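Data first, discussion second: the structure below is written as structure tokens.
The values are calculated or read from the model by the stated rules, or taken from the named source; none is laboratory data. Everything numeric here is computed off the predicted structure, so don't read it as measured data. Backbone-built Cβ (ideal geometry, glycine too); neighbour counts: all protein chains shown.
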2 protein chains.
Amino acid sequence: MKIDPNSSADLSVQIAQAIKDSIIAGELDVGERLPSEAELADHFQVSRPTVREALKRLAAQSLIRSQRGASGGAFVNRLSFEDAYSQQITTSTLLLSMNAVSFDTACEARYALERACAPLSAERRSPDHLATMRAEIFRQGQPGLTDEAFCASDVAFHRALVDGAGNPVLSYQLAGAVEAMQPLMNMITFTARDRERIVELHGQIADAIEQRNSQAADLALSELTAYTLELGTKAMAARASRHQNRSNVENSK
Amino acid sequence: MKIDPNSSADLSVQIAQAIKDSIIAGELDVGERLPSEAELADHFQVSRPTVREALKRLAAQSLIRSQRGASGGAFVNRLSFEDAYSQQITTSTLLLSMNAVSFDTACEARYALERACAPLSAERRSPDHLATMRAEIFRQGQPGLTDEAFCASDVAFHRALVDGAGNPVLSYQLAGAVEAMQPLMNMITFTARDRERIVELHGQIADAIEQRNSQAADLALSELTAYTLELGTKAMAARASRHQNRSNVENSK
DNA sequence: GACTTTTAAATGTCAGACAAATGATTTCTG
DNA sequence: CAGAAATCATTTGTCTGACATTTAAAAGTC
């Protein structure tokens, strides 16, 4: 575990990388305690604040956690699925919002991933997952629901579908895609008819999953994909025309 | 953008969160410059090292980048797909290695995601993607290839398949799953016969993608899934029996 | 033996300083 | 006046040293 003081890279970056490499290589096991900041500073021949900046970088990625006190120190963290979820959601959200990913692209990705889960979910879903799906469908049918609440329920429904596959890796991968799409989905205004159609398709999906009929589930999901894309296209067109009007007004001043 | 000095949370964590929230809320746009460290320290009523630790946390997530010099400072980063890739690969790798995800689970997730891409790839793949796939298949048939090189080529092949779908969100999601599985795949020792079979299936996949036949691609992928699972099961069993033998030896001392 | 107090070790925070990089400004030169 | 060179100011990167806070373990007390 060494660093090059003559490198152009910042020392704290190099130190963080060195420790990270040790963790990935398995030289530092989960739960193991790193040397104290003072010892690390001594080892790398840098000051304690520099070591601290390196440790903070690692802490930001949930790679280590710090404890104060007598037997405190920095410990190698067991990266939990939950930590990974939340990191992925943050990353995906920023990625979508900063890179102007089109609604179509995000939507396509989301449903492609969900359709990958559906056959597994049809095979393995527990009564719990089915109950969650049915409950969310019921909620979605309630009048007076805001668009945001409708979207949130939609996410919960699809989350149950994905979790039904019983594969934590898939759940983890999809959490990012689905949750990150919510801001985009929130741009859509759902009419009563839209909701009716969506609830109907959700019902078909739940039925198919209940009957362990993966083909029917895939069919319903593909219809839902097409319908969501249609709604998205309309919403984007409406936004565009509003912008167009506004510029026209501004130009005519 | 405020913090609570009486909170139990560390100040640098609170400051990092406050800035992160501002970025996500869009109060700070991409490319915008944050106040200097001294100004931030003044604003939050903390010392500069504390502000710096907060900024390092954000830099670790590629949310900001720092520049030295007269018109330097911290700038809100446009999170690139590449940054997101590499973060996801690190996270996925650690998740798999630290949580004892079974080979079966990881394998299932990987191929489920790939099968989600295959229809899109069949529709949209460019000659470039096909050429990459063919080249990797050729490489995989070369004698004397190490298991690691074979695995790496396998990853490149599947990467081309995924990229063929022309959906950067899907590519990003899958990069993590596929690359993170490489350490697990490296546990497998491929016999000449194994490789022959895999190359054959890869050929079938490439053919199907070339002919835009998504059904055939799905079929070949499902066979490849089953075959990989079989190989994995064998490899794990072999490992387990080696461990068993070792314990027996140790117990009989 | 159970409870309280002390202590030592570690991280968290602060203050001030200097080094290094870098763009802007000024000065010098032709 | 134009362009090149030198200088300057600003900002991050790093260092030194110190104190505050937390925490577990050791020591002391009843």
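Answer yes or no as to whether residue B:158 is in the same structural domain as residue B:123 (by TED's automatic domain parsing), modelled with pLDDT of 95 or more and either buried (at least 19 other Cβ atoms within 10 Å of the Cβ) or farther than 29 Å from residue A:96 by Cβ (or both).
Details: in the same structural domain as residue B:123 (by TED's automatic domain parsing): yes; modelled with pLDDT of 95 or more: no; either buried (at least 19 other Cβ atoms within 10 Å of the Cβ) or farther than 29 Å from residue A:96 by Cβ (or both): yes.
Judged against the criteria, residue B:158 is not a match.
Test residue A:188 against the criterion of being crowded, with 18+ Cβ neighbours inside 10 Å, part of a helix (DSSP H, G or I) and over 19 Å from the mean Cα position of the chain (by Cα), and give yes or no. Steps first, please.
On the way: crowded, with 18+ Cβ neighbours inside 10 Å: yes; part of a helix (DSSP H, G or I): no; over 19 Å from the mean Cα position of the chain (by Cα): yes.
Against the criterion (crowded, with 18+ Cβ neighbours inside 10 Å, part of a helix (DSSP H, G or I) and over 19 Å from the mean Cα position of the chain (by Cα)), residue A:188 does not qualify.
Suppose we keep only residues that are loosely packed, with under 12 Cβ neighbours inside 10 Å and more than 14 Å from chain A (Cβ to nearest Cβ) within region B:1-10. Which one would you say is farthest from DNA strand C (Cβ to nearest atom)?
Step by step, filter region B:1-10, then rank; the result is B:2.
May I ask you to verify whether residue A:97 is touching a residue at least 12 places away in the same chain (Cβ under 8 Å), surrounded by fewer than 20 Cβ atoms within 10 Å (Cβ to Cβ) and within 10 Å of chain B (Cβ to nearest Cβ)? It would help to see each step written out before you state the result.
On the way: touching a residue at least 12 places away in the same chain (Cβ under 8 Å): yes; surrounded by fewer than 20 Cβ atoms within 10 Å (Cβ to Cβ): yes; within 10 Å of chain B (Cβ to nearest Cβ): yes.
Judged against the criteria, residue A:97 is a match.
Residues in region B:65-74: is at least one more than 31 Å from the chain's Cα centre (by Cα) and on the phi > 0 side of the Ramachandran plot? Steps first, please.
If we filter region B:65-74 for residues that are more than 31 Å from the chain's Cα centre (by Cα), which is where we start, we get B:68-72.
From the residues that got through so far, the ones that are on the phi > 0 side of the Ramachandran plot too are B:69.
Yes, region B:65-74 has at least one match.
I need a count of the residues in region B:115-159 that are of a type in the set (Asp, Glu) and over 19 Å from residue B:194 (Cβ atoms).
Of region B:115-159, the ones of a type in the set (Asp, Glu) are B:123, B:128, B:136, B:147-148, B:154.
Keeping just the survivors that are over 19 Å from residue B:194 (Cβ atoms) gives B:123, B:128.
The total comes to 2.
Mind counting the residues in region B:11-70 that are in contact (Cβ under 8 Å) with a residue 24 or more places away in the chain, within 25 Å of residue A:8 (Cα to Cα), at the interface with another protein chain (Cβ under 9 Å from one of its Cβ atoms) and away from DNA strand C (no atom under 14 Å from the Cβ)?
Residues flagged as in contact (Cβ under 8 Å) with a residue 24 or more places away in the chain, within 25 Å of residue A:8 (Cα to Cα), at the interface with another protein chain (Cβ under 9 Å from one of its Cβ atoms) and away from DNA strand C (no atom under 14 Å from the Cβ) within region B:11-70 amount to 4.
Considering (1) under 22 Å from residue A:211 (Cβ atoms); (2) not in a helix (DSSP H, G or I), say which one residue A:134 fails and leave the rest.
(2)
Can you say whether residue B:57 is within 9 Å of DNA strand D (Cβ to nearest atom) and at pLDDT 85 or above, as far as the supplied structure shows? First the steps, then the outcome.
Values: within 9 Å of DNA strand D (Cβ to nearest atom): no; at pLDDT 85 or above: yes.
No.
When the residues of region B:1-54 are narrowed to those that are of a type in the set (Lys, Arg) and farther than 25 Å from residue A:48 by Cβ, which ends up farthest from DNA strand D (Cβ to nearest atom)?
Within region B:1-54, the first condition is being of a type in the set (Lys, Arg), and the residues that meet it are B:2, B:20, B:33, B:48, B:52.
Now narrow it down to the ones that are farther than 25 Å from residue A:48 by Cβ: B:2, B:20, B:33.
Working: B:2: 20, B:20: 17, B:33: 8 Å.
Per the criteria, the residue is B:2.
Filter region B:71-92 for residues that are touching a residue at least 24 places away in the same chain (Cβ under 8 Å) and within 16 Å of DNA strand D (Cβ to nearest atom) and give the result.
At the first step, the residues of region B:71-92 found to be touching a residue at least 24 places away in the same chain (Cβ under 8 Å) are B:73-78, B:81, B:84-85, B:87-89, B:91-92.
Once the filter is applied, which keeps residues that are touching a residue at least 24 places away in the same chain (Cβ under 8 Å) and within 16 Å of DNA strand D (Cβ to nearest atom), region B:71-92 yields B:73, B:74, B:75, B:76, B:77.
Among the residues of region A:65-122, count how many are part of a helix (DSSP H, G or I), within 28 Å of residue A:33 (Cα to Cα) and touching a Leu at 6+ places or on another chain (Cβ under 8 Å).
Qualifying residue count, region A:65-122: 2.
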